[in-house]
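Inspection log for the structure reproduced underneath, given as structure tokens.
The values are calculated or read from the model by the stated rules, or taken from the named source; none is laboratory data. These numbers come from a predicted model, not from an experiment. Please note: Cβ atoms are built from the backbone with ideal geometry, for glycine as well, and neighbour counts cover all protein chains shown.
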Amino acid sequence: MAIVTKRQQSDSDPLEDMAWLAERLFVEPSLLSALIDPALRYVRVSRSLADVLGREVTYFPGKNVIKNGFTARHRTVIQKALDTGQAQVLTNWAATPRDKEPKIYGYWQWSIVPLHNKEGLVCGLLLAGHDITERRLLESGVIEAAARERREVGLEIRDNIGQILAAIAMKAKILELKLREQKLAGTEEARELQDLAAEAITTHRRIAHMLYPADLEGGGFLANLRSLAEDTTQLYGVSCQVTVPDHEPDLEPVQAVHIHAIVKMIIEHCVNQAGAEDLAIEFFTESEQYVINVTHNGKAYKRTGVIKGYRIMTFQAHSIGGAISVQGGTGQSVVFTGWFPRKIHHDP
Amino acid sequence: MGGTSQGDPTRRVLIVTGHHTLRVSLKDLINLESDLTVGGEAENLTEARRLSGDDHMVLAIVDHLAFTDREPLRKPVFPENPHMPVILMTLDNELDQLKRALAAGVRGCVTKQDLAEELIPAVRNVLNGQRYISRELLVGIPARVRAAILDGETTEWNE
């Protein structure tokens, strides 16, 4: 609000006015701030941001933002703020200013606020970043705990219930053989008991499969994806096609686990919430990233906030340097897309 | 129950699974066969390897869960008795698991949902020098490869 007042009172260069106002913002040590012009060059940065980037404040004016602390992937978000005049938010992974040696990396959330001149045109952007490392650690702790819980349930089902069901089937077989030998009634029922136990084993195996993290199965990421599609068809009675490349992608184990979990959550949403009957999973490589599309014919939700599990899958994607989006609807198929870097970068 | 061959001495089978209930049921099922008897029960591979040294043990039935990262499925499964045939009880119908099993020299693979129906036929086939693979495990494998596997002509394959 103060910025608007100052702008309205001044006839001078709005960016200079902004810089003057931003000075007040820039003394806040816990906030990384920068003022950039429409050509994405720094006009001014705060001391805290200069510290993070390992430079003096005087180094920045005129330098390209993307080459100093942000990646090309962020360019699209920053550019969008310039093009649309609407505020944007992005999250990146950077060294925290409080830890110079050794460097400790943390998550920063950036608000990108467009600044408008008297004509209403965007004349610059104000970047304000705050440290969300603790929050992200807590979030990832919650996700990890949930994944661990699922894994334990999956293991329990696989290692215990499956054996008991197999034992029941064998006992039923023994009963059938004994009844038959003694020419007693009930062989048919004993036989049915065996069949039911065998069916229960098949169902339990599919449920356990759905609960296992991908790394437990050892069949490779693509095999697990195919298996997930098969299980989806079997468990939910919907069509689930999968298209994958011939060769196994070079995913880090943590990526494989998270991507698998994300696809699983998307499928659960598609079937249980959106009522989809046709699903298609497509995984491919596109230059420096892996892309996964899950297309479905169910209901589209304009607000991602109401999509069950969307926040968790977004966090999971971010935790491995990726992103999730959802598009389509109103007469067209809905497509969930996930982008994941071919290698996780832990360095800004 | 089950045929007894004249003059055929009782053949001893080793059972390896960490699950007590499953072990008891396997034992009961095998002991119904008059020419077969459970000659040893082990909860894990270490224990099983100790028992496998018994020359009278003609076959081992091993739970796939007995194999771990520390004790992977590899050839020979029982170095103390390398020629003793092994039947693997498996839960998953994963092709990779079947490939690994055959590469390790396993002679039979039976899924747990088919144990009641297929275990005894599998034991008999394997004791007769043949391979036995559960029908479900062979689904999706090209007919030519399937025939080669069952004939024992291959321990691994490339589709």
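Looking only at the range A:221-229, decide whether some residue is surrounded by fewer than 18 Cβ atoms within 10 Å (Cβ to Cβ), within 8 Å of chain B (Cβ to nearest Cβ) and outside any loop (DSSP other than H, G, I, E, B).
Yes, because at least one residue in the range A:221-229 is surrounded by fewer than 18 Cβ atoms within 10 Å (Cβ to Cβ), within 8 Å of chain B (Cβ to nearest Cβ) and outside any loop (DSSP other than H, G, I, E, B).
Within the range B:86-107, how many residues are modelled with pLDDT of 95 or more and not hydrophobic (A, V, I, L, M, F, W, C)?
0
State whether the residues of the range B:53-62 include one that is more than 13 Å from the chain's Cα centre (by Cα), under 24 Å from B:Val145 (Cβ atoms) and either assigned to a loop (DSSP other than H, G, I, E, B) or at the interface with chain A (Cβ under 10 Å from one of its Cβ atoms) (or both).
No: the range B:53-62 contains no residue that is more than 13 Å from the chain's Cα centre (by Cα), under 24 Å from B:Val145 (Cβ atoms) and either assigned to a loop (DSSP other than H, G, I, E, B) or at the interface with chain A (Cβ under 10 Å from one of its Cβ atoms) (or both).
Which condition breaks for A:Gly321 when tested against (1) over 28 Å from A:Glu139 (Cα atoms); (2) assigned to a loop (DSSP other than H, G, I, E, B)?
Looking at each condition in turn, A:Gly321 falls short on (1).
Return a yes/no flag: does the range B:61-79 have any residue that is over 23 Å from A:Met170 (Cβ atoms), surrounded by 19 or more Cβ atoms within 10 Å (Cβ to Cβ), among the charged types (D, E, K, R) and without any contact (Cβ under 8 Å) to a residue 60 or more places away in the chain.
Looking for residues that are over 23 Å from A:Met170 (Cβ atoms), surrounded by 19 or more Cβ atoms within 10 Å (Cβ to Cβ), among the charged types (D, E, K, R) and without any contact (Cβ under 8 Å) to a residue 60 or more places away in the chain, one finds none in the range B:61-79, hence no.
Out of A:Glu134, A:Glu152, A:Glu139, A:Glu156, report the one residue that is surrounded by 14 or more Cβ atoms within 10 Å (Cβ to Cβ), out of contact with any Pro (no Cβ under 7 Å at 6 or more places or on another chain) and over 30 Å from A:Thr187 (Cα atoms).
A:Glu139
Quick one: how many residues across the range A:177-198 are farther than 18 Å from B:Thr111 by Cβ and either at the interface with chain B (Cβ under 9 Å from one of its Cβ atoms) or part of a loop (DSSP other than H, G, I, E, B) (or both)?
Going through the range A:177-198 one residue at a time, the tally reaches 9.
Please determine whether any residue of the range A:235-250 is of a type in the set (Asp, Glu), more than 14 Å from chain B (Cβ to nearest Cβ) and either surrounded by fewer than 20 Cβ atoms within 10 Å (Cβ to Cβ) or part of a helix (DSSP H, G or I) (or both). Break it down into steps so the answer makes sense when it comes.
Start the filter on the range A:235-250 by keeping residues that are of a type in the set (Asp, Glu), which leaves A:246, A:248, A:250.
Cutting the leftovers down to more than 14 Å from chain B (Cβ to nearest Cβ) gives us A:250.
The next check asks that each one be either surrounded by fewer than 20 Cβ atoms within 10 Å (Cβ to Cβ) or part of a helix (DSSP H, G or I) (or both); those that pass are A:250.
Yes: the range A:235-250 contains one or more residues that are of a type in the set (Asp, Glu), more than 14 Å from chain B (Cβ to nearest Cβ) and either surrounded by fewer than 20 Cβ atoms within 10 Å (Cβ to Cβ) or part of a helix (DSSP H, G or I) (or both).
Give me the residue from the range B:97-120 that is in a helix (DSSP H, G or I) and more than 12 Å from chain A (Cβ to nearest Cβ) and, out of that set, nearest to B:Arg23 (Cα to Cα).
Per the criteria, the residue is B:Ala101.
Filtering the range B:128-148 down to residues that are over 25 Å from A:Leu175 (Cβ atoms) and part of a helix (DSSP H, G or I), which residue is nearest to the other protein chains (Cβ to nearest Cβ)?
B:Leu137
Do we find that A:Ile207 is modelled with pLDDT under 85, within 14 Å of chain B (Cβ to nearest Cβ) and outside any loop (DSSP other than H, G, I, E, B) in this structure?
So A:Ile207 fits the description; yes.
Among (1) more than 14 Å from chain A (Cβ to nearest Cβ); (2) surrounded by 23 or more Cβ atoms within 10 Å (Cβ to Cβ); (3) outside any helix (DSSP H, G or I), where does B:Ala48 come up short?
The single condition B:Ala48 does not satisfy is (3).
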